[in-house]
Every structure is written in C-alpha cells, then in structure tokens.
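The values are calculated or read from the model by the stated rules, or taken from the named source; none is laboratory data. Since we're looking at a predicted model, the values are computed, not measured. Ideal geometry is used to build each Cβ from the backbone, glycine not excepted, and the neighbour counts take in all protein chains shown. Surface accessibility is based on the protein's heavy atoms, side chains included, excluding ligands, DNA and RNA. Shrake-Rupley method; radii C 1.70, N 1.55, O 1.52, S 1.80 Å.
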Amino acid sequence: MFETPTSTKQHDESRQGEALILEKDPQKSSGRKLYIESYGCQMNFSDSEIVASILLDKGFETTRDYKEADVVFINTCSIRENAEQRVRNRLKEFESAKAKNPGMVVGVLGCMAERLKSKFLEEEKLVDVVVGPDAYRDLPNLIEKVDEGSRAVNVLLSREETYADISPVRLNTNGVTAFISIMRGCDNMCSFCVVPFTRGRERSRDPQSIVKEARDLFDAGYREVTLLGQNVDSYKYENINFANLLQMVALVDPLLRVRFSTSHPKDITDEVLHTMAKHENICKYIHLPVQSGNSRILKLMNRTYDREWYMERVDAIRRIIPDCGISTDVITGFCSETEEEHRDTLSMMDYVKYDFAYMFAYSERPGTLAAKRYADDIPEEVKKRRLTEVVDRQREHSLERLKTYVGKVHKVLIEGTSKRSDKDYCGRNDQNTMVVFPIDERYKKGDYVDVHVESCTSATLIGRIIG
Ligand code: SAM
Ligand code: SF4
C-alpha cells in the first residue's frame with residue numbers, strides 16, 4: 001500500500017502492530033496481564049480500546065511485553081492479503097513465548113477472526129480463542145473457558161451491538177485528537193471488499209451517547225474528534241441523519257474541531273456540505289474514495305455511482321465549500337481493467353487534484369462478489385506499474401495543492417512536538433495537512449494558533465506563528 005505521508009490516520013501505517021497500554025486500577029487488579037496489539041484501520045484501534053475497557057473492568061492490567069503477558073490478543077485486518085500475512089507472521093513470533101508459558105491465552109480478534117472463524121483454530125495450533133468484532137462483551141467468559149482447558153470461538157455478528165455504553169479508554173493518544181465510532185458494519189456490497197462479511201450489517205449508534213462522548217473528551221482537554229464509520233453519510237438513528245449528528249457534535253463547543261471519515265460518493269448530500277459550511281469548527285476536509293475513474297469498472301466494483309456522478313459531487317463540494325481539502329482511495333488493476341480505463345483514473349485525479357490519497361493494487365479476497373464473479377486477470381506487474389503511475393501523479397498533485405497554501409495564514413491546532421525536531425510544534429490545518437512551525441513558549445499542546453505558511457514539501461507545510 002502507498003499513501004502520502006499526511007494521512008487522515010484512518011489507516012495509520014506508523015501505528016500498525018502498536019500495543020495498547022493502560023493505567024492499572026488497583027481496586028480491581030487481579031494481577032493478570034493483557035497484551036493487545038492492533039492492525040488495519042482506525043476502527044480496529046478503537047475496538048481494541050473497547051476490549052481493553054471490558055477486561056480492565058475484570059481486573060486485568062496491560063503490558064507492553066507479550067512475553068510477560070497472561071493473555072495475548074491480536075486485533076486483525078483482512079482488507080488485503082498482505083494484511084493477513086502480516087498477522088500470520090506475527091503469530092509465529094508468539095510461539096516461543098507460549099512454549100515457555102503454556103498457560104498463556106492467545107486470542108485472535110477482529111476481521112480475520114470473523115472471516116476464518118473456527119478454521120483459524122485448525123490452521124494455527126497456537127490460537128486458543130477466536131472472537132469477531134461484535135462479540136467482545138463475551139471475552140471474559142471465553143477466557144474463562146480457555147482457563148478451564150477448552151478452546152473458544154464467538155464470531156456471532158449482531159444487528160444491534162454498538163458498544164454505546166462502553167467508554168473506551170484512551171491512553172496511546174496525544175490528548176488532543178480522538179476518534180469516536182458512530183456506526184458499525186457496512187451494507188454496501190462493493191464487489192472487492194471483505195468488510196460487509198467481517199463486520200456485519202450497518203447500524204448507527206445512539207446520537208446522545210456520541211454527543212456525550214464528545215463532551216467528555218472536550219472536558220478532558222481534547223480539542224478535535226473524528227467521527228468514524230465505513231460510510232458516515234448513511235448514519236441514521238430514528239430521525240437523526242448524518243448532517244443532524246454533525247451539527248449536534250459541532251455545537252458541543254466552538255473550540256472542539258469536528259472531522260469525519262469515510263464518505264461514500266453515492267451518499268454525501270448537499271445538506272452535509274451546507275452543514276460543514278455553516279459551522280466554522282467542522283473541518284473543511286472530505287475523504288471521498290473514488291476507487292476508479294472509469295464507469296465500467298465502477299459498475300463491476302458495485303460502487304453504485306459512475307464517473308459523472310462522482311465529478312458532480314466534487315463540483316458540489318467546490319461550490320459549497322470552496323476551500324475544502326479532498327482525499328481519496330484508489331485501487332489499480334481491478335478485474336479486466338484496460339489501459340484506457342486505468343487512464344480514466346489518472347484523468348479523474350487530474351480533475352479533482354486530491355490533497356492526498358491511499359493507493360492500492362487490487363488484492364482478491366475470498367468470498368467477495370468479485371472473487372465469485374470475475375477473474376483476477378491483471379498480472380501482478382501490471383497492477384504494480386499502474387499503482388506506481390497513480391502514486392507519481394498523486395505526488396505531483398499533493399505538491400501542487402500544498403503550494404496553494406503557501407503565503408497564507410492557517411489556523412492550526414497544536415498536537416505536540418514535531419517527530420523530526422524537538423524545537424518545532426506540529427498540528428494540522430482545516431484541510432488536514434500537517435503544519436510544522438517553531439515552538440513558541442506562549443502556546444501549548446491543544447491551543448489554536450495562526451501560522452503563516454512560508455514553504456512546503458509534498459506532505460508538510462512549514463511556517464511560523466504570527467500574532
Ligand atoms: N468504507 C470505505 C469506503 O467505502 O471508501 C473504505 C473501507 S476500506 C477499509 C479502505 C480501502 O481499502 C477502500 O476504500 C479500498 O480502496 C481499499 N480496499 C478494500 N478492499 C480492497 C481489495 N480487495 N484490494 C485492494 N484494496 C482494497
Ligand atoms: Fe467496503 Fe464498500 Fe463498505 Fe467501504 S462502502 S467498507 S469499500 S463494502
């Protein structure tokens with residue numbers, strides 16, 4: 001996978017395999033240690049926080065070292081074959097720790113668990129417990145079964161579970177920006193995608209619990225929330241739609257920035273765009289995955305929009321929110337894609353001039369509609385060459401877009417010290433671009449500052465605080 005370095009953090013490459021660490025609760029501690037690491041999209045990282053909350057409540061404490069853990073969990077991703085391979089390799093590394101400590105419980109959670117179900121127990125002898133994304137409340141019970149000597153599986157998908165009442169614990173964060181899951185699952189059947197099979201039916205979370213979570217985060221010092229869902233524009237809870245929810249969260253406090261991801265081009269409405277335009281604290285940035293710029297391929301992908309529809313939505317964004325940043329996801333070498341159709345993707349990129357993009361070569365996933373209906377007939381080297389062309393084009397566009405930000409003043413939320421230099425702060429502008437600028441002692445993490453941007457790379461704006 002390729003992505004430009006200023007990612008939306010929906011899939012943050014630098015966090016893959018990260019272990020979650022919590023403060024222990026001395027009142028409840030049973031002394032048992034949990035090690036949990038996560039792969040894939042932000043939804044999985046948020047789910048791991050829910051898992052940790054559930055087990056913390058049962059007296060667990062967390063450890064950074066799987067070798068000293070009593071329970072080792074790996075929260076997995078199935079989106080592409082290499083994501084699954086990564087997990088299999090990681091499981092091999094747990095083998096020697098388990099040999100030394102046979103009482104250690106090894107569990108596989110998330111999308112791969114859901115996809116492979118009990119087959120996982122046959123294929124990986126090391127694994128004791130397999131748990132799908134809707135069954136985390138059952139974990140204490142499943143661990144108990146393993147303690148009693150059985151292996152355990154719960155991969156039941158639910159039509160209701162949203163974990164709305166479980167407040168996730170957030171300790172691996174910068175204390176300024178946080179993610180809030182607003183819905184689970186997906187009802188779109190994009191032919192390439194495994195998500196509807198691994199995460200089940202789409203369901204929206206009670207808006208009151210979302211607003212409460214946003215308010216609690218604000219009170220705890222957070223200044224930005226990203227509302228998360230596979231298709232946020234189809235959010236619906238009784239008579240509340242996504243535009244209504246967005247407004248409710250924006251009204252929590254004018255100092256709380258609101259972002260969201262992901263928008264499906266078929267569902268993003270003018271009402272959402274007008275709501276964004278109306279509230280200064282809703283960031284002017286939309287992640288709008290195109291996947292392909294060719295209508296025949298989009299039809300085979302079952303995306304339910306065509307090239308013209310997508311362009312019209314981009315025109316609407318530019319009309320209603322002229323300064324909006326737009327990013328995307330692209331797949332190269334989907335079944336039967338011709339060179340000409342691939343060039344339609346490049347020309348779509350020229351039309352939109354995305355701020356950045358996540359770009360992938362098509363990876364066939366077992367059980368998906370595409371795997372059943374179409375031959376995966378584009379040779380690997382052709383997929384890769386097309387991917388390189390897409391990546392190169394995006395690099396040009398990112399630089400072009402960022403250059404338009406130079407010479408202007410941007411409102412930036414300070415997220416912390418820059419990774420590259422402890423003399424600089426970093427934070428993002430409204431359009432989600434990373435901005436780096438010298439530390440000014442008058443301001444701290446969580447403050448908003450006006451930054452005059454003086455130069456840029458293809459991924460970062462460089463400037464200094466004014467005023
Ligand atoms: N729900 C979001 C949407 O519809 O745009 C995205 C969900 S998916 C976790 C993130 C991205 O992974 C997709 O937008 C797509 O570009 C990519 N993806 C999904 N399945 C893929 C596959 N089989 N091969 C390559 N890329 C894939
Ligand atoms: Fe997958 Fe399509 Fe659902 Fe996104 S909208 S999760 S790509 S099925």
Query raised in the report: Can you give the accessible area per residue of the range 166-298, in Å², using a 1.4 Å probe?
Result: 33 Å²
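Over 23 Å between C-alpha atoms is what I'm after, so list which of Lys411/Lys445; Lys284/Lys419; Lys100/Lys125; Lys236/Lys445; Lys92/Lys383 land there.
Numbers: Lys411/Lys445 14 Å; Lys284/Lys419 25 Å; Lys100/Lys125 16 Å; Lys236/Lys445 35 Å; Lys92/Lys383 30 Å.
The pairs that break the limit, which is 23 Å between Cα atoms, are Lys284/Lys419; Lys236/Lys445; Lys92/Lys383.
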Query raised in the report: Of the accessible area of the range 320-467, with the probe set at 1.4 angstrom, what percent is carbon plus sulfur?
Result: 51 percent
Report summary line: What the Cα atoms of the range 287-445 span along the principal axes, largest first and in whole Å, is 61, 34, 26
Requested in this report: Please calculate the 1.4 Å probe accessible area of Arg151, with all protein chains present, and give it to the nearest 10 Å².
Outcome: 100 Å²
Query raised in the report: With a Cα-only, solvent-free Debye model of the range 227-355, what are the log10 I(q)/I(0) values at q = 0.16 Å⁻¹?
Result: -0.79
Report task. Measure off 7 Å from each Cα along the Cα-to-Cβ vector at Leu156 and Asp424, then give the distance between these two points in nanometres to one decimal. Result -> 5.2 nm
Report summary line: Rounded to two decimals, the Debye log10 I(q)/I(0) of the range 127-166 (Cα scatterers, no solvent) at q = 0.13, 0.27, 0.30 Å⁻¹ is -0.28, -0.88, -1.00
**Report entry** For Glu18, residues with placed amide H under 5 Å, excluding near neighbours
**Finding:** Ser38
Report summary line: The cysteines in the chain that find no other cysteine Cβ closer than 4.7 Å to their own Cβ are Cys41, Cys77, Cys111, Cys186, Cys283, Cys324, Cys335, Cys426, Cys456
Query raised in the report: Calculated FRET efficiency, His279 and Tyr448, Cβ-Cβ r, R0 22 Å, to nearest 0.05?
Result: 0.90
Query raised in the report: How would you classify the range 139-293 from its alpha-carbon gyration tensor, with a ≥ b ≥ c the square roots of the eigenvalues: rounded for a/c under 1.5, else prolate if a/b is greater than b/c, otherwise oblate?
Result: oblate
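Of all GluC sites (Glu not before Pro) in the range 238-341, which ones are in loop regions per DSSP and have a Cβ with at most 11 other Cβ atoms within 10 Å? Mind dumping the intermediate values first?
Values: sites: Glu238, Glu271, Glu280, Glu308, Glu312, Glu337, Glu339, Glu340, Glu341; in loops: Glu238, Glu280, Glu337.
In loop regions of the range 238-341 (DSSP not H, G, I, E or B), the sparsely surrounded GluC sites (Glu not before Pro) are Glu238.
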**Report entry** Ser118 paired with Val391, simple spin-label distance in nm, labels 7 Å along Cα-to-beta-carbon
**Finding:** 4.2 nm
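When every alpha-carbon pair in the range 396-453 is counted, what percent end up more than 20 Å apart? Show your work: numbers first, answer last.
Working: 368 of 1653 pairs.
It works out to 22 percent of all Cα pairs.
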Requested in this report: With unit charges on the beta carbon (Lys/Arg positive, Asp/Glu negative), name the residue among Thr275, Leu346, Ser336 whose Cα is farthest towards the positive pole of the charge dipole of the chain.
Outcome: Leu346
Report summary line: At q = 0.13 Å⁻¹, the log10 of I(q)/I(0) for the chain from a Debye sum over equal Cα scatterers comes to -1.30
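At a 1.4 Å probe radius, which order do Arg343, Arg203 fall into by accessible area, largest first?
On the way: Arg343 135, Arg203 15 Å².
Ranked list, largest accessible area first: Arg343, Arg203.
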Query raised in the report: What full-extension length gain, to one decimal in nm, is calculated for Thr404 and Arg137 as 0.36 nm per residue of separation minus the Cα-Cα distance?
Result: 91.3 nm
**Report entry** Approximate spin-label separation Met189-Ile439, in nm, with each point projected 7 Å along Cα-to-Cβ
**Finding:** 5.6 nm
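Quantify, in whole percent, the carbon and sulfur part of the accessible surface of the range 69-108 (1.4 Å probe; protein heavy atoms only).
Working: 790 of 1650 Å².
Carbon and sulfur atoms account for 48 percent of the accessible area of the range 69-108.
Whole number please: convex hull volume per residue, Cα atoms of the range 225-302, in Å³. Intermediate values should be presented prior to the final figure.
On the way: hull volume 7.5 nm³, N = 78.
Hull volume over Cα atoms, normalised by residue count, gives 96 Å³.
Pull out the extension gain between Asn302 and Arg15, defined as 0.36 nm times the separation in residues minus the alpha carbon to alpha carbon distance; nm, one decimal. Working shown, then result.
Working: separation 287, 0.36 × 287 = 103.32 nm, distance 3.08 nm.
Full extension from Asn302 to Arg15 adds 100.2 nm.
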Query raised in the report: Ratio of Rg to Rh for the range 102-157, alpha carbon only, Kirkwood?
Result: 0.93
**Report entry** Cα-centre dipole for the chain with unit charges at Cβ (Lys and Arg positive, Asp and Glu negative), debye to 20
**Finding:** 240 debye
Requested in this report: Mind checking which lysines have their Cα closer than 19 Å to the Cα of Lys372? Skip sequence neighbours fewer than 8 apart in that chain.
Outcome: Lys299
Query raised in the report: How would you rank 173-184, 455-466, 125-136, highest first, on the average number of other Cβ atoms within 10 Å across their residues?
Result: 125-136, 173-184, 455-466
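If you wrap a convex hull around the alpha carbons of the range 54-136, what volume per residue comes out, as a whole number of Å³?
Numbers: hull volume 8.1 nm³, N = 83.
Given the Cα convex hull of the range 54-136, per-residue volume reads 98 Å³.
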Query raised in the report: In square angstrom, what is the accessible area per residue of the range 312-467 with a 1.4 angstrom probe?
Result: 45 Å²
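Carbon and sulfur atoms: what percent of the 1.4 Å accessible area of the range 186-290 do they account for? Before the final figure, lay out each step's value.
Working: 1830 of 3610 Å².
Answer for the range 186-290: carbon and sulfur cover 51 percent of the accessible area.
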**Report entry** Residue-averaged 222 nm ellipticity for the chain, from DSSP H runs of 4+ at -39500 (n - 2.57), nearest 500
**Finding:** -10000 deg cm²/dmol
Report summary line: With all protein chains present and a 1.4 Å probe, the order of Ile326, Ile240 from largest accessible area down is Ile240, Ile326
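In nm, what is the difference between 0.36 nm times the number of residues separating Lys411 and Glu364 and their Cα-Cα distance? Each step should come with its number before you reach the end.
On the way: separation 47, 0.36 × 47 = 16.92 nm, distance 4.21 nm.
Full extension from Lys411 to Glu364 adds 12.7 nm.
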